[in-house]
Amino acid sequence: MDGLVTEGDLRELVGNLGVAAREPEREGWQQVVAKGNDDVSYRVWCDKPMEGPPRYLSVTTYERCSTELLRDFYMDNEYRMEWDNTVIKHEQLQFDENSGIEIGRTIKKFPLLTPREYILAWRVWEGNDKSFYCLVKECEHPVAPRQRKFVRVQLLRSGWCIRKIPGRDACRITVLHHEDNGMNIEMAKLAFAKGIWNYICKMNSALRRYPQRNISSISILTMQRLTKKFPQALETDVDANHHPQGNTRANVVPSHFARTSSRQQPGKKSSRATIASGLLLIGSIVCLSRGRSNLGAQLAMAFFLKKAFKQDKGSSSQRSISRADVTEPRHL
């Protein structure tokens, strides 16, 4: 297990999270959402490679919240099954106290889609200033063989840092997330942009209820045993990220989160594609306007609207949908 999540991975994560402390737009990231209220504020940027799923970089600030509380909330997989209705199962597979690595299996269910199965390894570090880092990676495990009733997620690289905001009763979590769960990429991007703020508000409500939960979950008890001290050698990198000097675009982009290729400007859309995109957006907004709609319903709505406009699209199209824009039939 030692090589699943290493301090080298942590160094790469620290470098990437530093983008959020600078100006993400100047480094090629596109802002997707910037919203907030009295309890929580949220900003997220997207990096779009030519092929494959996008990467998301987000900064969420929680008022009246300690770093320890937010860490426990994020790591409590048992509690997540109570408030996140996409998570239907989580189980611990293995952990190692020497390396601090834990491996778990999670099943997520979305309406009308095959459940997604995640086999993940993760590790948590604690800094001297009560800051916390976590890195999560996909992996395989012998006690979790593949099953036909699930789609095994092939790519998930996610990491976060939780830090207190000086002079305020608040803390901030910066997250870098890259995932390919087999869903239609364009539909997933649209559903994310339109539904993520509702999800953040739901998450905030669950966070406020969390202190009243008097149950010691297995996830938290294990995490407390496995958490390692943040390497002193990386403190300089952290300080540089929070006090950037000028344009630091030249910083190395870590291999685990690197762009697959440079971005290109798309050509002008055909009138048919423009109408399809417009109707797709309207349909998604209608779906999202319902107070009880969840992310899974949004994905399903967006998927079927997109499929409706794919049927007549033949070889005469100027720009057919690329491999990255089509989900394999077995993933539905």
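Below is a table of values for the structure above.
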item	result
Cα centroid separation, the range 1-50 to the range 96-127 (Å)	20
Per residue, in Å², the accessible surface of the range 37-78 once ligands and nucleic acids are set aside, probe 1.4 Å	33
Reachable aspartates and glutamates from residue 149, criterion Cα separation under 14 angstrom, eight or more residues apart if same chain	117
Accessible area of the range 7-232 belonging to carbon and sulfur atoms, whole % at 1.4 Å probe	48
Ordering of 213-220, 168-175 by packing [mean C-beta count within 10 Å, highest first]	168-175, 213-220
Along principal axes, Cα extents of the range 7-232, largest first, whole Å	52, 40, 36
Distant-in-sequence amide H partners of residue 94 (H built 1.01 Å from N, under 5 Å)	103
Ranked packing of 111-124, 26-39, most packed first, by mean Cβ within 10 Å	111-124, 26-39
Residues whose placed amide H lies under 5 Å from that of residue 65, excluding near-sequence neighbours	170, 171
Signed unit charges on C-beta, dipole axis of the range 7-232, positive-most listed residue 33, 195, 215	195
Order by protection proxy (mean Cβ within 10 Å, highest first), peptides 53-63, 87-97	53-63, 87-97
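The values are calculated or read from the model by the stated rules, or taken from the named source; none is laboratory data. Computed from a predicted structure; not experimentally measured. No Cβ is skipped: glycine too gets one built from the backbone with ideal geometry, and neighbour counts run over all protein chains shown. Only protein heavy atoms, including side chains, enter the accessible area calculation; ligands, DNA and RNA are left aside. Shrake-Rupley method; radii C 1.70, N 1.55, O 1.52, S 1.80 Å.
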